[in-house]
Amino acid sequence: MCGIVGAIAERNVSPILLSGLKRLEYRGYDSAGIAVINEHQLFRERSQGKVAALEAKVIASDLKGSLGIAHTRWATHGVPHERNAHPHMSGTIAVVHNGIIENYQELKSKLSVGYSFESETDTEVIAHLIHSMRNDSETLFATVQKAITYLEGAFSIAVIDSNLPGELVAARKGTPLVIGMGLGENFIASDPFALLPVTNQFIYLEDFDCIRLTCTSIEILDKSGHIIERPTKNLYATDDAADKGLYKHYMQKEIFEQPKALSETLQGRLKVNLATLMGCDTHLSSKIEAVQINACGTSYHAGLVAKYWFESIGIACHVEVASEYRYRESVTPQNTLFISISQSGETLDTIEALKLAKQKPFLGYLAITNSPDSAITRESNWTILTHAGREIGVASTKAFTTQLTVLLALVDALSQHSNAAISEALTSLPFYSEAMLAMDETIQKMSKEFSESTSALFVARGILYPIAMEGALKLKEISYIHAESYPAGELKHGPLALVDKNMPVIAVVTENALTDKMIANLEEINARDGCLYIFKERRVQQKIGFGHEIELPDMPEITSPILVSIALQLFSYHVACEKGTDVDQPRNLAKSVTVE
Ligand code: G6P
């Protein structure tokens with residue numbers, strides 16, 4: 001998704017801006033741009049494609065300045081093209097923007113008398129709007145404060161004016177923006193990770209905050225125009241996450257980091273009660289009769305797995321994608337806990353669904369996230385952090401398995417009779433995840449056989465069905481192979497019509513109450529010549545005798561969704577490598593989706 005970096009210093013800020021953009025690359029983007037002010041003149045370079053292409057242009061044109069803004073764009077309005085890349089300019093003003101301006105057409109037609117538009121973006125109207133409102137008797141800061149009142153939608157913006165080489169103005173509403181504090185220099189970014197090479201002191205801005213930075217001062221005005229102080233936070237994240245080490249891709253590194261991530265997520269969470277786990281009132285536990293889970297993408301799949309766990313201990317569970325929940329009438333059953341699951345904590349649909357839910361009579365709002373200072377955390381009563389460490393690959397891996405781990409620990413804490421089986425399975429989870437990773441080579445061999453396929457069905461039953469959904473999502477995200485998932489028992493109601501020798505079916509068979517039924521479903525596929533790729537747990541006694549089969553290590557049934565998902569992550573990863581796709585930054589996708 002789009003990324004913003006800005007800097008004001010007494011040195012050339014171009015390298016800081018480019019390094020910031022590179023650190024935001026993992027979020028997904030299709031073009032990039034930079035504008036700096038040097039001796040009262042505005043200089044801009046933009047480029048379609050990777051930041052490396054922009055960097056080459058910056059070097060070639062020797063673009064330098066002590067005040068600048070930069071951006072990675074993920075197209076919403078207008079194709080990925082240099083002319084649509086930010087910064088957008090109007091006279092002496094340059095603007096970068098994350099989010100969507102919903103009323104841009106209306107503003108555009110008002111501004112079309114006097115301004116000509118060079119791009120198809122919604123952002124360009126912001127540049128012209130600010131320019132049209134600028135006058136000598138008012139500061140840029142005051143103009144921007146006024147201009148943003150005309151903007152509908154969600155946005156973070158940063159603005160510079162070549163007439164004012166000593167100040168950087170920015171504002172946010174609905175999408176993230178932080179100030180990075182330096183010594184005699186200041187910065188802004190949509191994600192503090194972009195600025196870690198230059199500072200570890202950050203101020204997280206709130207909605208409607210408008211700021212003015214100089215080299216030595218920071219002014220923040222809140223929604224009502226009052227000067228306000230926001231707390232400073234130190235971020236001691238190591239730079240490790242930005243280094244692939246010996247791995248070929250971040251995704252591969254993150255898959256292999258799972259034993260560590262799982263064990264860090266479990267620290268202090270085994271056999272604890274709800275109050276300890278969530279930091280809530282001790283009475284909450286006895287009040288919860290149901291949970292409502294909202295999330296998007298992979299996090300939604302974590303919710304779907306959790307439904308099986310919650311309902312196994314008698315707690316009703318409803319799971320919904322946030323973008324649907326927020327636009328429909330829904331009933332809130334009594335004594336229901338609302339849970340938002342989000343790796344980034346910044347997914348717009350999930351935040352908006354949470355805001356809507358806060359108007360309803362839920363018992364309270366719990367966030368499960370990997371980002372301690374995110375919007376979802378701030379909007380919720382309680383947060384359980386997944387200690388996955390930074391996840392850079394767009395396709396979620398360790399964030400997903402740590403979400404599942406937290407959800408199972410939550411179910412354990414809610415379980416009336418403190419469920420020994422859950423605690424034991426959680427304790428041994430890092431160990432079993434190591435065993436699953438040891439399957440890497442075998443899985444790689446199978447993925448080679450599969451990689452020429454153009455389509456695939458993922459099938460499983462019971463609690464592994466959402467893992468089949470996640471397996472199909474992972475495969476399509478990073479290999480661009482069309483993949484769908486079905487509960488195996490549902491095949492006969494339609495998808496079986498697709499099955500012939502050209503239809504690969506990826507199946508998961510583990511030891512549980514549905515093993516026989518699952519194998520019977522595989523027989524149905526085999527009888528129609530379907531090309532089966534079977535992940536089968538070693539202890540399953542029944543011989544299958546057809547298809548390509550991989551024997552997975554034995555695992556506790558309750559944590560099997562977490563462990564099987566690791567095998568499917570490896571499968572998709574190796575298929576994508578065979579196909580030579582951009583594994584860490586797949587086309588058209590973004591890590592953190594801060595627009596609708
Ligand atoms: C994007 C990412 C997915 C992620 C989803 C939800 O689509 O590409 O990997 O699952 O957003 O993100 P969240 O940060 O809310 O978990």
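The values are calculated or read from the model by the stated rules, or taken from the named source; none is laboratory data. A quick note: this is a predicted structure, and the numbers were derived from the prediction, not measured. Note that we place each Cβ from the backbone using ideal geometry, even for glycine, and neighbour counts take in every protein chain shown.
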Looking only at the stretch 238-255, decide whether some residue is small (Gly, Ala, Ser), without any contact (Cβ under 8 Å) to a residue 12 or more places away in the chain and within 25 Å of residue 433 (Cα to Cα).
-> yes
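Residue check: is residue 380 touching a residue at least 24 places away in the same chain (Cβ under 8 Å) and within 15 Å of the ligand (Cβ to nearest atom)? So that I can check it myself, show each step before the final result.
Values: touching a residue at least 24 places away in the same chain (Cβ under 8 Å): yes; within 15 Å of the ligand (Cβ to nearest atom): yes.
Yes, satisfied.
When only residues in the stretch 542-571 that are part of a loop (DSSP other than H, G, I, E, B) and of a type in the set (D, E, K, R) count, which is surrounded by the most Cβ atoms within 10 Å (Cβ to Cβ)? Before the answer, list the steps.
Initial filter on the stretch 542-571 (part of a loop (DSSP other than H, G, I, E, B)): 542-547, 553-556.
Now narrow it down to the ones that are of a type in the set (D, E, K, R): 543, 554.
Details: 543: 9, 554: 15.
Selected residue: 554.
Take residue 539 and decide whether it is within 16 Å of the ligand (Cβ to nearest atom) and in a loop (DSSP other than H, G, I, E, B). Before you say what the answer is, go through the steps one by one.
On the way: within 16 Å of the ligand (Cβ to nearest atom): no; in a loop (DSSP other than H, G, I, E, B): yes.
Taking the combined requirement at face value, the residue does not satisfy it.
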Taking residue 291 and the conditions (1) touching a residue at least 60 places away in the same chain (Cβ under 8 Å); (2) more than 10 Å from the ligand (Cβ to nearest atom); (3) within 23 Å of residue 463 (Cα to Cα), which numbered condition does it fall short on, given that it satisfies the others?
-> (1)
Matching residues in the stretch 315-345 - criterion: being surrounded by fewer than 24 Cβ atoms within 10 Å (Cβ to Cβ) and touching a residue at least 60 places away in the same chain (Cβ under 8 Å) | 315, 323
Failed criterion for residue 578 (all others in (1) of a type in the set (D, E, K, R); (2) farther than 22 Å from residue 464 by Cβ; (3) part of a loop (DSSP other than H, G, I, E, B) hold) | (3)
Only one residue in 344, 330 is within 16 Å of the ligand (Cβ to nearest atom), at pLDDT below 95, assigned by TED's automatic domain parsing to the domain that holds residue 381 and over 18 Å from residue 381 (Cβ atoms), so which one is that?
-> 344
Being in contact with a Leu (Cβ under 7 Å, 6 or more places away or on another chain) and more than 13 Å from residue 195 (Cβ to Cβ) is the filter; apply it to the stretch 19-32 and report the residue that is nearest to the ligand (Cβ to nearest atom).
-> 28
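Quick check on the stretch 58-67. Is at least one of its residues part of a strand (DSSP E or B) and either touching a strand residue (DSSP E or B) at 6+ places or on another chain (Cβ under 6 Å) or surrounded by fewer than 22 Cβ atoms within 10 Å (Cβ to Cβ) (or both)?
Going residue by residue through the stretch 58-67, those that are part of a strand (DSSP E or B) are 67.
When the remaining residues are screened for being either touching a strand residue (DSSP E or B) at 6+ places or on another chain (Cβ under 6 Å) or surrounded by fewer than 22 Cβ atoms within 10 Å (Cβ to Cβ) (or both), the result is 67.
Among the residues of the stretch 58-67, at least one is part of a strand (DSSP E or B) and either touching a strand residue (DSSP E or B) at 6+ places or on another chain (Cβ under 6 Å) or surrounded by fewer than 22 Cβ atoms within 10 Å (Cβ to Cβ) (or both), which makes the answer yes.
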From 422, 443, 392, residue being more than 11 Å from the ligand (Cβ to nearest atom) and in a loop (DSSP other than H, G, I, E, B) = 392
Please indicate, with yes or no, whether at least one residue in the stretch 348-370 is within 30 Å of residue 26 (Cα to Cα), in a loop (DSSP other than H, G, I, E, B), within 14 Å of the ligand (Cβ to nearest atom) and not charged (D, E, K, R).
-> yes
Matching entry among 501, 448 (being more than 30 Å from residue 365 (Cα to Cα) and assigned to a loop (DSSP other than H, G, I, E, B)) = 501
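Which of the helices (runs of 4 or more DSSP H) found entirely inside the stretch 94-200 contain at least 3 residues meeting this: of a type outside the set (Asp, Glu) and either touching a residue at least 60 places away in the same chain (Cβ under 8 Å) or within 29 Å of residue 591 (Cα to Cα) (or both)? Write out each step before concluding.
Working: elements: 104-111, 123-133, 140-147.
In the stretch 94-200, the matching helices (runs of 4 or more DSSP H) lie at 123-133, 140-147.
Please pick out the residue among 24, 54, 18 that is in the same structural domain as residue 194 (by TED's automatic domain parsing), without any contact (Cβ under 8 Å) to a residue 60 or more places away in the chain and over 23 Å from residue 118 (Cβ atoms).
Values: 24 fails: without any contact (Cβ under 8 Å) to a residue 60 or more places away in the chain; 54 fails: over 23 Å from residue 118 (Cβ atoms).
18 is the lone residue from the list that is in the same structural domain as residue 194 (by TED's automatic domain parsing), without any contact (Cβ under 8 Å) to a residue 60 or more places away in the chain and over 23 Å from residue 118 (Cβ atoms).
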